[in-house]
Structure formats: structure tokens, C-alpha cells
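First up is the structure itself, then whatever we jot down about it.
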Amino acid sequence: MYLTTERTEDYLKAIDTIIEKKGYSLVKDIARFLDVSPSSVTGMFKKLTKEGFINCEKYGGVTLAPDGRKLAKSTRKSSVCCMSSSSSLVWMKIPQMMMLAMGVLPVIPVNFVQSYPSYVFDLNHTRYAVDREIAESIFVRLE
């Protein structure tokens, strides 16, 4: 198990996606894919190299180290790539996608009903039963 940030996972998924399409990945490819500056990519590459997730050649391409490949593949399986309104790519965890599909949006009131044997909540006069993974993606602010 790796303790990584969401941003680290985004970079690893981007590298994996680009290598899958082109066979190689450069700083400019990642910058374009993630809509960040090349200097941001270079900084993250230093961090990922130090952590052992990538192999980076100066003025050359980048490849995923075994740990980086394993993490990229596992996080890509649990997320989907969507287009945001700004036309940049956004990775969303599958539970978040399911919540959006049910109409659960930030600031929408949700009435929690039960937590055992399944998690049940009411939303706009509709009752939903969800599994633990989806329930854990819901953050509640008590009023």
C-alpha cells in the first residue's frame, strides 16, 4: 500500500495513459495532458523519481518504474476520465461518479436513514441504499 497524494496519482495516470497511446512520454506531453506548466511537471518528476515511481532521463522521456506502473494501473481501474467544462481532463473516483449520477451534489441536503446492513439515505424524496465504498465518499456537515 502506498501513501500518495491525489496529485501524485494524477501524474502517474497521465504518464501511463500517454505511454499507452504514444509509446513514450515527455514533459511537454504531461504538461499538455494535465493543463499545467512544464516547470510544474519537472518539479513533480523530481519528487516521483525520488519516491521510486518513475525513471526520468534529463532532456529525455519518462517511464514508470514497477511501483509507479502498479500504482497507476490500480488507480486507473478505480477512476474514470471525464471532460470538465474547461476542456481539461479530470479524473474522478468511481464512487464520486455514482453519487453525481444519483443527483448528490455539494450543498444538496441528504437525510441519513440507516447504516446497517446497508447505508441508506433520502435525497429529493428518493431513498438510496449504497455500499460502504460509496458511503465513504459522502462528506456530511452537521447543522
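Residues are listed down the side, and each one gets a yes or a no for (1) within 20 Å of Leu71 (Cβ to Cβ); (2) part of a helix (DSSP H, G or I); (3) not aliphatic (A, V, I, L, M):
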| position | (1), (2), (3) |
| --- | --- |
| Asp10 | yes, yes, yes |
| Ile15 | yes, yes, no |
| Glu20 | yes, yes, yes |
| Ala31 | no, yes, no |
| Ser39 | no, yes, yes |
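Using beta carbons and a limit of 6 Å, which pairs, at least six apart or on different chains, have the first residue in region 8-23 and hydroxyl-bearing (Ser, Thr, Tyr) and the second one part of a helix (DSSP H, G or I)?
Final answer for the pair search is Tyr11/Met44.
Out of Phe53, Phe33, Phe45, report the one residue that is in contact (Cβ under 8 Å) with a residue 40 or more places away in the chain and either more than 13 Å from Glu9 (Cβ to Cβ) or surrounded by fewer than 18 Cβ atoms within 10 Å (Cβ to Cβ) (or both).
Numbers: Phe53 fails: either more than 13 Å from Glu9 (Cβ to Cβ) or surrounded by fewer than 18 Cβ atoms within 10 Å (Cβ to Cβ) (or both); Phe45 fails: in contact (Cβ under 8 Å) with a residue 40 or more places away in the chain.
Answer to the check: Phe33.
Would you mind listing the strands (runs of 3 or more DSSP E) fully within region 57-143 where at least 1 residues are within 28 Å of Thr42 (Cβ to Cβ) and at pLDDT 60 or above? Lay out the reasoning, then the answer.
Working: elements: 62-64, 79-83, 89-93, 111-114, 119-123, 126-130.
Correct list: 62-64.
In region 23-61, what count of residues is obtained for those that are under 16 Å from Glu6 (Cβ atoms) and acidic (Asp, Glu)?
Counting residues in region 23-61 that are under 16 Å from Glu6 (Cβ atoms) and acidic (Asp, Glu) gives 2.
Filter region 41-54 down to the residues that are in a helix (DSSP H, G or I) and within 20 Å of Lys70 (Cα to Cα) and list them by number.
Met44, Phe45, Lys46, Lys47, Leu48, Thr49, Lys50
Is one or more of the residues making up region 43-56 modelled with pLDDT under 90 and among the aromatic types (Phe, Trp, Tyr)?
No, region 43-56 contains no residue that is modelled with pLDDT under 90 and among the aromatic types (Phe, Trp, Tyr).
The values are calculated or read from the model by the stated rules, or taken from the named source; none is laboratory data. Bear in mind the structure is a predicted one, so any value in this text is a computation, not a measurement. Cβ sites come from the backbone with ideal geometry, for glycine too, and all protein chains shown count toward neighbours.
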